[in-house]
Each structure stands twice: as structure tokens, then as C-alpha cells.
Amino acid sequence: MDTKALDPNSKQLASDDFVISHAFGADGALILHPGASNPAVWTWKSYALADARARRSLETDATLPEAVREVLLASGDQCQINFDDGWLYGELPDLQHEHYGDPRELGYFRFAFNDGVFISARRHPLQSVDDIRQAIGRGKIRLPSPLTLFNAVFRRFLELLKAEIAKLSETLDSIEDHIVGENWQGERERLVPVRRQIVVFHRYLTAAISLFRHIDHADRRALPEELDDLIEALSRRAETLHAEGDQLQQRARLLQDELMAKLTDQSNQFLYVLSVMTAVLLPSTVISGLFGMNTGGLPLAESAHGFWIIAFIALAISAAVYLIVRRIGGNRR
């Protein structure tokens, strides 16, 4: 594979357009120029699946088991995790990169690793993966094994998700203050996207927890002890965040119910006012309709004050109807 060296000061390894490769020593430090005097213990290869060359490279990689290759090159996205013949591989959620998409939207992080290599693939730039890559380049973290990279990426995803959930919680606090303070007009438009975002995060956390439980129970005997402990620890962290998301979802649902109750009460008030107006104007409508008939024999037709007499009668009846309706409405309340 043809590569081109990058700036050594950035601590990035050689790469091409569709794959970025990193090599790590026994102490977990990034090795810029692996060689006999400075051998690499394991490597990380990150593929951009949007490039056809990346797909061809994975298809022709004879070192990958068939099951691993199928997951990395699958046409659709699906949360999954498997362990087979020393390889842990699958597909887990991650947040899209803030510079290339909506950071609140989820993407998929495809991975496969054994003791000597970690392979990752994605359709869209992912925030957690890029954050870990930047931290490695700056020397902030050391990764002595592929397992520690998997741990770092998924923990970073949970940290980012926790930050997004905290922002959603602040938004719910603001919406709740407006609803309680009777300044709730327009809050429905704010609440709907918040509920949608909470549902999306909650759904993917539920899927991730189920996958960790499944792999832990189904392959407990086959899993190395270190990998089993890591999966159990990640599962507990995901469950904690899932519980926070569940509470947030319940809050959003309660606020939605309270908001709908206020909207219903407002609609009932409008209907009550409309009903009162209809009842008050009905006698005047009937009277004006009767006296507006173009027929002979109408009373007061020849009177000089006939119009004012009929108008007074209509107003008196309307006032009486209004008092009756108000009295009935007051008794029902």
C-alpha cells in the first residue's frame, strides 16, 4: 500500500486517503517510525468505508476471518458484538463528528481486534474515534493493547453521550420553568425535538447494554479474563447512563402530559367562550330573522319606534341568556 509521511510533529503515522494506520509499542506509546530498533507490538488501522478502495482493501485482506469481513463490509447498520476465534468484532453506536454532521445524531463504529491488530471502519466521521486519535497524537493517552483502545473509544462515547444528556436535562429544566410559570406558549415546539433525542439515545443505550449482556453470558467461558472484566465494566457504565436517560425520558413524558393538559384547558376555554357567544346571539338572530321576513302582518311594522322596540327586546333576551349561561357555567365549576 502506497503511503505518504505526515508531519512528525503531529505524531501521526503515515496514511493514505482511505486508511490511517498507527503503530504502538509495548508501553502503549505511539511509534512514528517502526523498525527493528523500535518494533511495534500492535497496530490500529482505521478505514473510511465511503471510499471504494477501503472496501477492496478489506475484501482482499486474507488475515481477516470471513465473519469479521462480513461485519466490516455489511451494507446496512446494526448494533452487534461477537467473539470468535480470538477476535472481538461488531458494530456499536457513536456520535457523528461535530465538523462533518450533526453531533446529536448517532453513527456506527465498526470494529474488529485481536491481540495484534485493531481494525475500525465507519461510513461517517465519528466524534469518539477522532477524539481518541487526537489524544493519541498529542501523547495524552497510551494504549498498550487493542483492548485498551476499544475501552477508550467506547468510554469516550459514553462521556459524550452523558454530556449530551446533561444538555437535554438543562433544556427540560428551562421548559419546566416556563410551564410552571404559565409562560408555556411555544414550549411544545422545544419539547418535541428534546423527546426525540432522548428516545434515540435511550434506544441505542438499551441495545448496547443488551449486546454486552449477551456476549458476557453467551461467551463467558471463551472470553479472556481481561476482556470479560472490561465488558462487564463497560456494561455497568452504560447501565448507569441508561438509568439517567430513563429518568430524563420520564420527565419529558410528564412535561408533555402537563403541556397537553394546558393546551386542552385552553381549548376548553375557547370553546366555552364560543358557546357563550353563540347562545347570546341566538335570540337576536331568531328575532331579526322573524322581523326581517318580507311578508305582511308583521307587528310594529307601521310603528315609528318599532325598530328600537324590537332591538331592546332582542338585547334584553340576549342579556338574560348571558346571565343564565354564566350561572350554569359557574355552578359546573
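The values are calculated or read from the model by the stated rules, or taken from the named source; none is laboratory data. All of these numbers come straight from a predicted model, not from anything done at the bench. Here the Cβ positions follow ideal geometry from the backbone for every residue, glycine too, while neighbour counts run over all protein chains shown.
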Pairing a residue in region 257-269 that is surrounded by 12 or more Cβ atoms within 10 Å (Cβ to Cβ) with any residue that is of a type in the set (D, E, K, R), where Cβ atoms lie under 8 Å and the two sit 6 or more apart in sequence or on different chains, gives 259/187; 259/188; 263/188
Considering region 287-308, residues that are part of a helix (DSSP H, G or I) and not polar (S, T, N, Q), and then whichever is farthest from residue 321 (Cα to Cα), we arrive at 306
Check your understanding: Scanning for something touching a helix residue (DSSP H, G or I) at 6+ places or on another chain (Cβ under 6 Å), within 19 Å of residue 93 (Cβ to Cβ) and of a type in the set (A, V, I, L, M, F, W, C), does region 174-181 turn up at least one residue?
Key -> no
I'd like to know if region 269-290 contains one or more residues that are under 30 Å from residue 172 (Cβ atoms) and modelled with pLDDT of 85 or more. yes
Out of (1) in contact with a Ser or Thr (Cβ under 6 Å, 6 or more places away or on another chain); (2) farther than 23 Å from residue 238 by Cβ; (3) of a type outside the set (A, V, I, L, M), the one residue 156 does not meet is (2)
Per the list (1) without any contact (Cβ under 8 Å) to a residue 40 or more places away in the chain; (2) in a strand (DSSP E or B), residue check on residue 183 breaks on (2)
The lone condition residue 193 fails out of (1) surrounded by 14 or more Cβ atoms within 10 Å (Cβ to Cβ); (2) modelled with pLDDT of 85 or more is (1)
Quiz item: Any residue at all in region 211-226 that is within 30 Å of residue 140 (Cα to Cα), surrounded by fewer than 20 Cβ atoms within 10 Å (Cβ to Cβ), more than 13 Å from the chain's Cα centre (by Cα) and not charged (D, E, K, R)?
Solution: yes
Inside region 73-125, the number of residues satisfying the requirement of being part of a strand (DSSP E or B) and at positive phi is 1
**OP:** Return a yes/no flag: does region 290-311 have any residue that is of a type outside the set (Val, Ile, Thr) and within 25 Å of residue 271 (Cα to Cα).
**Re:** no
